[in-house]
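Below is one structure, written out as structure tokens, with a few remarks after it.
The values are calculated or read from the model by the stated rules, or taken from the named source; none is laboratory data. Predicted model only: the values in this text are computed from it and were never measured. We place every Cβ from the backbone using ideal geometry, glycine too, and count neighbours over all the protein chains shown. For accessibility, only protein heavy atoms count, side chains too; no ligands or nucleic acids. Shrake-Rupley method; radii C 1.70, N 1.55, O 1.52, S 1.80 Å.
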Amino acid sequence: MALSHLKNIKFNLPGFLVVLIVLLQSCAPKDLPLTTLKIEDPVRKYYPILQGQKQQIIVKVTNTGKNPLKIYDVYPSCGCTIAKYPKRAIPAGDTGTIVLEYDSNKNIGYVGIHTTLKTNTKEGWQSFFFEINVVPDPHYTPDYEELYAEYQKNNRDLVQQLVDGKTNERGYEVPGSERSKFQ
């Protein structure tokens with residue numbers, strides 16, 4: 001029944017294309033004259049932090065061109081990093097600040113984050129990189145009781161399986177009086 005209603009709908013391809021073009025153009029960034037920029041310290045290595053801590057990274061971006069600099073978007077390479085950037089154009093000669101907040105809660109060890117800026121420069125994209133080492137908290141080490149409880153939880157059915165066998169591999173018994181009937 002639902003298909004019969006679809007047959008009555010007429011598709012207007014030229015009208016659809018016009019609407020699609022208008023939508024795409026409204027989403028496209030406004031054409032600004034090209035400019036140049038300089039990122040202060042585009043490669044950084046931070047001191048180690050404890051797992052669960054947050055690291056704030058402040059990146060200064062200077063407009064070195066003659067036209068306003070527009071940062072359309074900022075793309076960190078990891079979902080663990082949130083970027084805040086100026087929404088308004090940065091005038092020629094001025095500096096804007098990008099603030100990244102890195103959350104180390106789900107990471108441990110070496111972490112390297114590439115961040116890409118979409119801008120109105122000749123290249124269209126600029127990037128910077130920071131690296132940091134996330135270490136576990138040295139004050140928390142599981143004691144023997146915690147380790148044993150975890151072992152018990154993971155192996156609770158091991159002894160039962162060793163004695164009785166695995167549940168799906170167990171056989172069955174026929175009582176002695178029943179066995180004699182068939183022999």
Criterion violated by residue 98 - all others in (1) under 23 Å from residue 41 (Cα atoms); (2) at pLDDT below 95 satisfied = (2)
Considering residues that are under 30 Å from residue 32 (Cβ atoms) and in a strand (DSSP E or B), the number found within the stretch 44-72 is 12
Out of the residues in the stretch 141-153 that are open to solvent by 100 Å² or more (accessible area, probe 1.4 Å) and over 25 Å from residue 52 (Cβ atoms), which is farthest from the chain's Cα centre (by Cα)?
-> 148
Filter the stretch 54-66 down to residues that are more than 28 Å from the chain's Cα centre (by Cα) and open to solvent by 50 Å² or more (accessible area, probe 1.4 Å) and give me whichever is nearest to residue 136 (Cα to Cα).
-> 64
